[in-house]
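Read the structure below first, then the notes.
The values are calculated or read from the model by the stated rules, or taken from the named source; none is laboratory data. Here the structure is a predicted model, which means the values were calculated and not measured. In this analysis, Cβ positions are derived from the backbone assuming ideal geometry, glycine residues included, and neighbour counts consider all displayed protein chains. Keep in mind that these areas ignore ligands, DNA and RNA; they rest on the heavy atoms of the full protein, side chains included. Shrake-Rupley method; radii C 1.70, N 1.55, O 1.52, S 1.80 Å.
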Amino acid sequence: MDFIRNFPFFSIVLSLFSGPLSSILGGRWAKRVNGAVIVLCGLMSCAVLWYVCRTGQPFVYTMGHFPAPWGNEIRAGVLEGLMGVFFCAIMLLCMLGGSREREAQIQQSKQNLYYIMVDLLLCSLLALIYTNDLFTAYVFVEINTISACGLIMIRQSGHTIEAATRYMIMSLLGSGLLLLGLCFLYDLTGHLLMSNIQETVHALVAQGQYQTPLLVSICLMCVGLAIKSALFPFHTWLPDAYGYSTVSSAAILSSLVSKGYIFLLVKIFYRVIGFDIISDSKVIHVLFAFGIAGMIMGSVDAIRESDIRRMIAYSSVAQIGYIYMGFGLGTAAGVIASIYHVICHAATKSLLFVAASGIAQASGGSSYFKDLSGAGYRNRLAGVAFTVGSLSMVGVPMFAGFISKLFFSQAAVGHTVKMLPTLIALAVSTILNTVYFMKTVIRIYTPLKADILPEGYEEIPVRRQPAKSGAMILFILLNVILGLNSEPVIRLIQRGLEMFS
């Protein structure tokens, strides 16, 4: 059974080397390799999750012959295994849901380049999940950034090149701030392994030494990762990046890339600094304020949009605000609610992007609201899928988003200062979510006035696109499962955070 301890390392290395392998393959074989790698990494993450749940203890995998503090380490616990399984499952469904559009929108000669970027992105996400070394995390943050930029600009249109440029500029700014924070922290502690840093940081705090440099380091890392995960007001790159890239790229970027940075921030809070020190530093108050601002302003921007994909993108700004608002509560319940919302948002936002592509396809390829009337009848499964995703984002019972908002409310109740702002923000954000999502659902189920379909409009049966249809059905099931059977996931998150501590 101890052989399973190698699986986190195997997952990272497998996805890393599948990228160069895909470079010498044709597009079709690169696609097959990519699908096989995602499935294998998901199965290995399942084995890791089962193993740590069975043993009840996290484990450390030492890379090379040198132990800490000189060597590099991988650490796996319940939370790492859970996120590894979930990230692989979502990525596989995103690739299936956008396969037809991807093949049509990307030149044949560049098909394998796309799968190289996806392989490297999967590698970087798994590394961020499993690594126990801060500098290794930074290296894979950069790999993540470059891969995501490639996914955006692979279509080679004016919009995507501009979006990729803006994304790269903002991401490099965030990476630079993160690196500065890591440098300050290394200067203070002399360590790069997370567990060693935490021991030294607690000793410094107990002795009252270097408090200002420590606070500066925490702030730099938080701001850097907030920029990279598109927390308001650092979100200006997001609508174009999500709105003009391929369907698979938009789904992966919105559901996984930003969540990898957020998971790294959780590790910094719990395993590098210590959440009690983070709470005392008052940094969480700033995150709380910007989180609430993002919840409101992201929804306001979404209401103003006339393009369904850009509306979904602005909705992501609001949902990122929810996550940071939960961190800002400064309680274990708030963090648990935020991590659960990471999972729910990833499952729901991917569903919305894939469904929106089906709705647009049935409307002559247009994603503007004025052209979407009756699209829910022309592509029935996409209409149902978009409705389910919308109800989840609004917070209707039975769906994943309702559970997230319920946990945020419960986490806020009893908080002396932040309870009222949190509950008001949740109420206002829910109303705004209802406005733009239900407006879209009403639009796609408003029949066309013309008796004959306009040119380019067409009926799309389920059997015509089996991969997309299968992905939407599985996304819907996942959303309902998270909405009706949340308790096992919450228990895993709680156990994972306990192992972090």
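Scanning the range 377-401 for residues that are assigned to a loop (DSSP other than H, G, I, E, B) and aliphatic (A, V, I, L, M), which turns out farthest from S299 (Cα to Cα)? Selected residue: M398. Within the range 337-378, the residues that satisfy the criterion of being out of contact with any Pro (no Cβ under 8 Å at 6 or more places or on another chain) and of a type in the set (S, T, Y) are S338, Y340, T348, S350, S357, S363, S366, S367, Y368. Against the list (1) part of a helix (DSSP H, G or I); (2) of a type in the set (S, T, N, Q); (3) over 27 Å from I308 (Cα atoms), the condition S404 fails is (3).
Scanning the range 133-148 for residues being among the β-branched types (V, I, T) and either within 16 Å of the chain's Cα centre (by Cα) or under 17 Å from Y167 (Cβ atoms) (or both) gives a total of 4.
Of the listed requirements (1) modelled with pLDDT of 85 or more; (2) farther than 21 Å from A347 by Cα; (3) polar (S, T, N, Q), S299 misses just one: (2). Beta carbons closer than 9 Å, at least 6 apart along the sequence or on distinct chains, pair a first residue in the range 369-386 that is without any contact (Cβ under 8 Å) to a residue 40 or more places away in the chain with a second that is among the aliphatic types (A, V, I, L, M) for D371/A360. The set of residues from the range 91-132 being buried (at least 24 other Cβ atoms within 10 Å of the Cβ) and not in a helix (DSSP H, G or I) comprises G98, T131, N132. Here G64 clears all of (1) over 19 Å from N132 (Cβ atoms); (2) open to solvent by 10 Å² or more (accessible area, probe 1.4 Å); (3) among the small types (G, A, S) except the condition numbered (1).
Counting just the residues of the range 301-317 that are in contact with a Gly (Cβ under 6 Å, 6 or more places away or on another chain) and of a type in the set (D, E, K, R), which one comes out nearest to S248 (Cα to Cα)? Ranking the candidates gives R309 first.
Restricting attention to the range 269-319, the residues that are basic (K, R), part of a helix (DSSP H, G or I) and without any contact (Cβ under 8 Å) to a residue 24 or more places away in the chain add up to 1. Restricted to the range 141-163, and to residues there that are assigned to a helix (DSSP H, G or I) and open to solvent by 30 Å² or more (accessible area, probe 1.4 Å), the residue that is nearest to A251 (Cα to Cα) is M153. Total residues in the range 84-132 satisfying the condition of being closer than 23 Å to A47 by Cβ and acidic (D, E): the figure is 1. Which of the residues that make up the range 454-501 are farther than 26 Å from G97 by Cα, open to solvent by 60 Å² or more (accessible area, probe 1.4 Å) and assigned to a helix (DSSP H, G or I)? Of everything in the range 454-501, those that are farther than 26 Å from G97 by Cα, open to solvent by 60 Å² or more (accessible area, probe 1.4 Å) and assigned to a helix (DSSP H, G or I) turn out to be E487, R491, Q494, R495, E498.
Out of curiosity, is D187 over 18 Å from A137 (Cβ atoms) and of a type in the set (D, E)? No; evaluated as a whole, the condition is false for this residue. Per this entry, L43 is counted among residues that are assigned to a helix (DSSP H, G or I), open to solvent by 80 Å² or more (accessible area, probe 1.4 Å) and of a type outside the set (S, T, Y). Residues of the range 414-448 that are farther than 16 Å from E305 by Cα, under 25 Å from the mean Cα position of the chain (by Cα) and open to solvent by less than 20 Å² (accessible area, probe 1.4 Å): T422, A425, L426, S429. Take C88 and tell me if it is free of Cβ contacts under 8 Å to residues at least 60 places away in the same chain, in a helix (DSSP H, G or I) and open to solvent by less than 10 Å² (accessible area, probe 1.4 Å). It is true that C88 is free of Cβ contacts under 8 Å to residues at least 60 places away in the same chain, in a helix (DSSP H, G or I) and open to solvent by less than 10 Å² (accessible area, probe 1.4 Å). Only a single criterion out of (1) open to solvent by 10 Å² or more (accessible area, probe 1.4 Å); (2) modelled with pLDDT under 85; (3) touching a helix residue (DSSP H, G or I) at 6+ places or on another chain (Cβ under 8 Å); (4) not in a strand (DSSP E or B) is not satisfied by Q57, namely (2).
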